[in-house]
Amino acid sequence: MPMTRSNSNSTAGELLRKQRVEVLNKGLRQMAQILGIAAPHLTDIEKDRRTPSEELLLRIVQHYKMDEAELRAGWKRPEAIVDEVASQDATTARKVPQFLRTARDLTPEQWDKLIKEAGRMGGKKKG
């Protein structure tokens with residue numbers, strides 16, 4: 001699966017490798033052992049030939065000390081809650097994709113306002 005490029009014009013795999021080598025000063029085999037995977041598996045992730053499982057993604061975030069959202073975006077791997085909410089019932093299965101298409105180009109500040117409003121709406125009792 002092709003990786004998207006971040007603002008720095010690097011793929012998620014490229015960012016991982018750079019973090020491992022330049023910041024963490026760890027070798028490939030050493031980091032693979034820390035993550036509990038085979039070195040060729042980590043090579044494939046760093047070369048953008050594979051994406052990690054959810055469990056491995058969380059271990060990568062922890063051990064590489066990187067931003068989870070940045071990696072999720074790079075690998076196009078949303079949090080499990082996205083699927084959970086979007087499929088909880090027929091209404092949300094119809095409405096969530098429509099909502100996300102509409103909200104696609106919001107700024108971070110607009111997202112914050114929308115989340116705050118959704119929190120207020122969700123807290124109201126149906127009457």
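Numerical summary
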| quantity | calculated |
| --- | --- |
| Qualifying residue in the stretch 98-121 (condition: among the aromatic types (Phe, Trp, Tyr), within 15 Å of the chain's Cα centre (by Cα) and at pLDDT 90 or above) | no |
| Test: residue in the stretch 40-48 that is within 27 Å of Leu16 (Cβ to Cβ), polar (S, T, N, Q) and out of contact with any strand residue (DSSP E or B) (no Cβ under 6 Å at 6 or more places or on another chain) | yes |
| So Val61, is it touching a helix residue (DSSP H, G or I) at 6+ places or on another chain (Cβ under 6 Å), of a type outside the set (Phe, Trp, Tyr) and not assigned by TED's automatic domain parsing to the domain that holds Val23 | no |
| Selection within the stretch 87-110 - surrounded by fewer than 11 Cβ atoms within 10 Å (Cβ to Cβ) and more than 19 Å from Glu70 (Cα to Cα) | Asp89, Ala90, Thr91, Gln98, Arg101, Thr102 |
| Residue list for the stretch 80-97, filter: under 13 Å from Glu54 (Cα atoms) and either touching a Phe, Trp or Tyr at 6+ places or on another chain (Cβ under 9 Å) or modelled with pLDDT of 90 or more (or both) | none |
| Any pair with Cβ under 6 angstrom, 6 or more apart, that starts in the stretch 36-57 at a residue that is more than 16 Å from Ser10 (Cβ to Cβ) and ends at one that is of a type in the set (Gly, Ala, Ser) and in a helix (DSSP H, G or I) | Ala39/Ala32; Leu42/Ala32 |
| Hits in the stretch 18-41 (condition: assigned to a helix (DSSP H, G or I) and either of a type in the set (Gly, Ala, Ser) or within 18 Å of Asp67 (Cα to Cα) (or both)) | Lys18, Gln19, Arg20, Val21, Glu22, Val23, Met31, Ala32, Leu35, Ala39 |
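Residues checked against (1) loosely packed, with under 14 Cβ neighbours inside 10 Å; (2) within 22 Å of Pro108 (Cβ to Cβ); (3) modelled with pLDDT under 95; (4) of a type in the set (Phe, Trp, Tyr):
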{"position": "Thr4", "(1), (2), (3), (4)": "yes, yes, yes, no"}
{"position": "Leu24", "(1), (2), (3), (4)": "no, no, no, no"}
{"position": "Gln33", "(1), (2), (3), (4)": "no, no, no, no"}
{"position": "Ile45", "(1), (2), (3), (4)": "no, no, no, no"}
{"position": "Leu71", "(1), (2), (3), (4)": "no, yes, yes, no"}
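The values are calculated or read from the model by the stated rules, or taken from the named source; none is laboratory data. All figures in this text were calculated on a predicted structure; none of them were measured in a lab. Cβ: placed from backbone, ideal geometry, glycine included. Neighbour counts: every protein chain shown.
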